[in-house]
Amino acid sequence: MKKKENNKTWYIWMILGVILGIIIGQFFHKDYFQLDTQISVIEIVDLLVTVGLALYVARILDRKIRHEQFTIDLFIAKIDDIESQIKSIENLIQEKDVSMQIIYTKFHVLSIAKNSLLESISSLLKEKDYSTSTNEIKNKHKTFKLIATNTPIDKTDTSVVVKNGKGTYSVQRISEIMIESYALKDEYFKLKVLLTE
Amino acid sequence: MDNIILKIAMDFSRTPGVRYKNEGEFSGEEFRNSCLRPKLEQALSNHVKLIVDLDGTAGLGTSFLEESFGGLIREDGFEYKTLQENIKFVSNENPDYIDEVNEYLKDAYEKKGK
């Protein structure tokens, strides 16, 4: 249906173009217009080179823009993946008797993914933006891991109770972890904005 | 004598665990007592460095790292300077661990001083 409407609009524009062409053509019959019916070889060559260059530049630029967009899309997909890893940690810490080893492994994978992302986006951002954004992300990662994987030195502290390698987080500790994970996700959101600017 | 290499994944466990021995398997406390401290003492008596390789594990939690390395100062009474000069940390997989361990050593030293 939409294609038919597009075709209709196209025909209307074509008809308007022909009418405009006829009107302009009429001016060439007037005295104040002089139409040279001869064209030199140099002018033809000049015209062909200009048109050729225009097409060439348009194609190369188009390809470059597409490539850049593809790269940005790829990094945004990578950030989405990191965000879903953070979300999965958020869910995990709310469970009772959760395997601490699984939490450590999740943080291990998350950290490797973060390092790989930050290394590869350096060429896409301005130096100042890159250093501000990456420093914030690194700091937030550090705090997030600390609050989620640090069990108390003081054995009477019950913020995380661990038995047989399985831990249960107190409500207060869960809230603190959620606040840090939100702050981290916010930094990734800012990075996405920077990448699409 | 060459430097002594301690690879956590090979010499202790690929899945290091929690902080204390009574909290579960492969704890930081167990690692410090059975691997880290003996190797460190060996390195110190032979005037060589202890190279701690942090790669190859399935993840190192804050408690494990803090109890292992911070515990050397807090529990075993090692000097911060001695540890700084004689232990070298290596991690190609996740260099964040090196920064973490250095921070825990510094924290333990600062807390001990207070």
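So A:Leu125 ticks every box in (1) in a loop (DSSP other than H, G, I, E, B); (2) more than 11 Å from chain B (Cβ to nearest Cβ); (3) under 23 Å from B:Leu65 (Cα atoms) but one. Which box is left unticked?
With respect to (1) in a loop (DSSP other than H, G, I, E, B); (2) more than 11 Å from chain B (Cβ to nearest Cβ); (3) under 23 Å from B:Leu65 (Cα atoms), A:Leu125 is out only on (3).
If we scan region B:52-63, do we find a residue that is assigned to a helix (DSSP H, G or I), over 14 Å from B:Arg32 (Cα atoms) and without any contact (Cβ under 8 Å) to a residue 24 or more places away in the chain?
no
Here is a check on your reading of the model: is A:Ile112 farther than 17 Å from A:Leu92 by Cα and of a type outside the set (Phe, Trp, Tyr)?
yes
Any idea which of (1) in contact (Cβ under 8 Å) with a residue 12 or more places away in the chain; (2) under 26 Å from B:Thr15 (Cβ atoms) is the one B:Asn86 doesn't satisfy?
Just one mismatch for B:Asn86, condition (2).
Each row is one residue, and each column tells you yes or no for (1) under 26 Å from A:Ala148 (Cβ atoms); (2) under 13 Å from the mean Cα position of the chain (by Cα); (3) away from every other protein chain (no Cβ under 12 Å); (4) of a type outside the set (A, V, I, L, M, F, W, C).
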position	(1), (2), (3), (4)
B:Glu23	yes, no, no, yes
B:Gly28	yes, yes, no, yes
B:His47	no, no, yes, yes
B:Gln84	no, yes, yes, yes
B:Asp96	yes, no, no, yes
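Determine which single condition A:Gly52 fails, assuming it passes every other condition in (1) free of Cβ contacts under 8 Å to residues at least 40 places away in the same chain; (2) within 30 Å of A:Gly165 (Cβ to Cβ).
(2)
What residue, of A:Ser120, A:Ser99, A:Ser175, is out of contact with any His (no Cβ under 8 Å at 6 or more places or on another chain), buried (at least 16 other Cβ atoms within 10 Å of the Cβ) and not β-branched (Val, Ile, Thr)?
Values: A:Ser120 fails: buried (at least 16 other Cβ atoms within 10 Å of the Cβ); A:Ser175 fails: buried (at least 16 other Cβ atoms within 10 Å of the Cβ).
Matching residue, one of A:Ser120, A:Ser99, A:Ser175: A:Ser99.
For region B:63-76, check the following and say yes or no: at least one residue is over 21 Å from A:Asp154 (Cβ atoms) and not polar (S, T, N, Q).
No, region B:63-76 contains no residue that is over 21 Å from A:Asp154 (Cβ atoms) and not polar (S, T, N, Q).
Can you name the residue in region A:143-175 that is part of a helix (DSSP H, G or I) and over 28 Å from A:Asp129 (Cα atoms) and, of all such residues, is nearest to the other protein chains (Cβ to nearest Cβ)?
If we filter region A:143-175 for residues that are part of a helix (DSSP H, G or I), which is where we start, we get A:143-149, A:171-175.
Then keep just the ones that are over 28 Å from A:Asp129 (Cα atoms); that gives A:148-149, A:171-175.
Working: A:Ala148: 8, A:Thr149: 4, A:Val171: 20, A:Gln172: 18, A:Arg173: 13, A:Ile174: 16, A:Ser175: 18 Å.
Checking each candidate, the answer is A:Thr149.
Taking the condition of being farther than 25 Å from A:Leu195 by Cα and not hydroxyl-bearing (Ser, Thr, Tyr), how many residues in region A:78-107 meet it?
Looking only at that region, the number is 15.
One line per residue, one yes/no per condition, for (1) within 12 Å of another protein chain (Cβ to nearest Cβ); (2) assigned to a helix (DSSP H, G or I); (3) more than 18 Å from A:Leu194 (Cα to Cα); (4) of a type in the set (D, E, K, R):
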site: A:Thr71; (1), (2), (3), (4): no, yes, no, no
site: A:Leu110; (1), (2), (3), (4): yes, yes, yes, no
site: A:Glu119; (1), (2), (3), (4): yes, yes, no, yes
site: A:His141; (1), (2), (3), (4): yes, yes, yes, no
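Take region B:66-82 and flag every residue that is under 13 Å from the mean Cα position of the chain (by Cα) and in a helix (DSSP H, G or I).
Result: B:Glu66, B:Glu67, B:Ser68, B:Phe69, B:Gly70, B:Gly71, B:Leu72, B:Ile73, B:Arg74, B:Tyr80.
When you scan region A:104-127, do you find a residue that is at pLDDT 95 or above and more than 28 Å from the chain's Cα centre (by Cα), even just one?
Yes: region A:104-127 contains one or more residues that are at pLDDT 95 or above and more than 28 Å from the chain's Cα centre (by Cα).
Can you pull out every residue in region B:49-79 that is more than 20 Å from B:Ile5 (Cα to Cα), away from chain A (no Cβ under 14 Å) and in contact with a Leu (Cβ under 6 Å, 6 or more places away or on another chain)?
none
What single numbered condition from (1) modelled with pLDDT of 95 or more; (2) within 14 Å of chain B (Cβ to nearest Cβ) fails to hold for A:Ile179?
Every condition holds for A:Ile179 apart from (2).
Any residue that is out of contact with any Phe, Trp or Tyr (no Cβ under 6 Å at 6 or more places or on another chain) and more than 23 Å from B:Thr57 (Cα to Cα) - is there at least one of those in region A:102-121?
yes
Starting from region A:111-137, keep only residues that are in contact (Cβ under 8 Å) with a residue 24 or more places away in the chain, then list their pairs with residues that are acidic (Asp, Glu) whose Cβ atoms are within a distance under 8 Å, requiring at least 6 positions of separation or different chains.
Sorted first by the residue in region A:111-137, then by its partner, the pairs are A:Ser111/B:Asp96; A:Ala113/A:Asp81; A:Ser133/A:Glu187; A:Glu136/A:Glu187; A:Ile137/A:Glu187.
The values are calculated or read from the model by the stated rules, or taken from the named source; none is laboratory data. Not measured: the values here are computed from a predicted model. Note: ideal-geometry Cβ built from the backbone for every residue, glycine included; neighbour counts use all protein chains shown.
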